[in-house]
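The next block holds one structure in the form of C-alpha cells; read it before the comments.
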Amino acid sequence: MKVGIMSFAHMHAYSYASSLEQLPDVELTAIYDTLDERGREAATRYNCSFFNDMEKFLAQDMEAVIICSENAKHCEMVVAAAKAGKHILCEKPIAVSVEEAEEMIAVCKQHDVMLQTAFPVRFSEPIQQLKSYVDSGAIGEILSFRTTNRGQNPGGWFIDSALSGGGAVFDHTVHMVDIMRWLSGQEVKEVTAEVDTFFHEGDIDDAGLLTLTFQGGIIASHDASWSRTPNYPIWGDVTIEVIGTEGTVSVDAFKEYVRIYNKDGERPVENAFFGNDMDLGLVEDFIKSIREKQPPSITGYDGLKAMEVGIAAYKSSKLGRIVKI
C-alpha cells in the first residue's frame, strides 16, 4: 500500500512516517508541504518524493494520506484528498469549527473514502487495559471522570490562533474527551470552563479547567495546560480516574518508563521508555481498516464531538456560564 503525508507542520508527522516504515508492504511514497525547506528535509529523511503542489501530489499513485498540517488547513486538505479518492487519517483537532468538520465528513462520505481522526491515546496499552476493565463491569456504572493533559508549549503555529484555532484548551482537551466518550458511550451535553494564560507570554491560552456533564449524568473534570517546562523529565501527562458505583481505577498513560538518576550533567533525570508505541498502533489500525475495507475505529464524527467540547469551553469561559452542546 502506498501512503502520502500532507504537511510536516505537526510533530506527529515524524512518528507517523516512522510508523509507516515499520509496517510490512507499506510504502511512504510522497510528501506534500506548503514550506519547501520543511517538506524537502522530510522527503530526504524518509527517502520519498516531495511536492509543493497539492494537485500534483494527489495525482500520485497512493491509496491513502495522513494529514499533519496546521489545524486551520485540515479542511482544505481533507476535502481535496477525498475528491482525489484517497483514504484519510487527519491529525486532531479535526478542524477549527463545527461547520468545517461537518463539511469534511460529508465530502468523505460523498466520495466513499475513509476519514479517521488521529487519537493515538486509544492505542496506549494502559488506556486499552482501562477500556477492558470498564467494559467488564468491574467498577460498575460510571459516575464520574477526573482527567488531565498537561504538557509543554509547542510554540510555532500552535500559538497562532489563526492557524491553531486555540491554545492549550483546544489542543489538550480533545484527547481526553475522546477517551471519556469511548469509555462511557455518552456525549457531553454541558460545558463549564475557566480559560487563561499563566505560564507563557502572549494572548493565547495555556491553561484551562473544564467541568463536563454527559447525557447520562456522568460528571467529569479536565485539566488542560501547557504548564510543563522545557526541562521537565517527560513531555507531560495523560491521566484519567474513573469513579464507578463498585470501585475506582486510575491510569497514567505516560508512566511506562524507567527513571534513571545521574550524578553528572545538567539534566539529572532520564526516562527510558518501555511501553507500547501508541502512534504506531494508530497508523497500523488505519492501514488495517483500509485493507479490510472496514469503517475506521475512530471516525470523523468522533473528531467533531471532541472538538465541539473545546469550542464550548472557550465560549463558556468568555460568557461566564454553562454552555450546552
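The values are calculated or read from the model by the stated rules, or taken from the named source; none is laboratory data. For clarity, every value in this text was computed on a predicted model and none was experimentally measured. So basically every Cβ, Gly included, is an ideal-geometry build from the backbone, and we count neighbours across all protein chains shown. Keep in mind that these areas ignore ligands, DNA and RNA; they rest on the heavy atoms of the full protein, side chains included. Shrake-Rupley method; radii C 1.70, N 1.55, O 1.52, S 1.80 Å.
List of remarks:
- Selection status of M1, within 29 Å of I159 (Cα to Cα), in contact (Cβ under 8 Å) with a residue 60 or more places away in the chain and surrounded by fewer than 21 Cβ atoms within 10 Å (Cβ to Cβ): no
- Residues that are in contact with a His (Cβ under 7 Å, 6 or more places away or on another chain) and modelled with pLDDT under 95 within region 114-141 are absent altogether.
- Residues that are open to solvent by less than 40 Å² (accessible area, probe 1.4 Å), at pLDDT 95 or above, under 25 Å from F170 (Cβ atoms) and among the hydrophobic types (A, V, I, L, M, F, W, C) do occur in region 55-66, at least one of them.
- Looking across S289, S316, one residue alone is buried (at least 21 other Cβ atoms within 10 Å of the Cβ), over 18 Å from the mean Cα position of the chain (by Cα), assigned to a helix (DSSP H, G or I) and modelled with pLDDT of 95 or more. It is S316.
- Answer from D206, D171, D178 - the residue that is under 16 Å from the mean Cα position of the chain (by Cα), open to solvent by less than 10 Å² (accessible area, probe 1.4 Å) and acidic (D, E): D178
- Pairs with Cβ under 8 Å, 6+ apart, first in region 98-113 and surrounded by 13 or more Cβ atoms within 10 Å (Cβ to Cβ), second part of a loop (DSSP other than H, G, I, E, B): A101/I94; A101/A95; M104/I94; M104/A95; C108/M114; H111/G85; V113/G85; V113/K86
- Scan of region 235-250 for residues that are assigned to a strand (DSSP E or B), farther than 24 Å from E194 by Cα and open to solvent by less than 40 Å² (accessible area, probe 1.4 Å), ordered by number: G244, V249
- Considering residues of region 213-234 that are within 20 Å of the chain's Cα centre (by Cα) and within 22 Å of A306 (Cα to Cα) only, the residue surrounded by the fewest Cβ atoms within 10 Å (Cβ to Cβ): S221
- Of residues in region 137-165 being in contact with a helix residue (DSSP H, G or I) (Cβ under 6 Å, 6 or more places away or on another chain) and hydroxyl-bearing (S, T, Y), the one nearest to Q215 (Cα to Cα): T147
- In region 127-145, the residues that are outside the structural domain of V249 (by the TED database) form no Cβ pair under 6 Å with any partner that is β-branched (V, I, T), whether six or more places apart or across chains.
- Pairs are defined by a Cβ separation below 9 Å, a sequence spacing of at least 6 or placement on different chains, a first member in region 28-39 that is over 18 Å from V283 (Cα atoms), and a second member that is among the aliphatic types (A, V, I, L, M) and part of a strand (DSSP E or B); the pairs so defined are Y32/I5; Y32/M6; Y32/V65; D33/I5; D33/M6; G39/I31.
- Being farther than 10 Å from V191 by Cβ, among the aromatic types (F, W, Y) and touching a helix residue (DSSP H, G or I) at 6+ places or on another chain (Cβ under 9 Å) is a description that applies to Y301.
- Restricting region 20-54 to residues that are open to solvent by 20 Å² or more (accessible area, probe 1.4 Å) and acidic (D, E), the residue that is nearest to V3 (Cα to Cα) is E27.
- Subset tally (residues that are in a helix (DSSP H, G or I) and more than 18 Å from H10 (Cβ to Cβ)) for region 89-121: 10
- Test for E187: is it at pLDDT 95 or above and either touching a Phe, Trp or Tyr at 6+ places or on another chain (Cβ under 9 Å) or over 29 Å from G156 (Cβ atoms) (or both): yes
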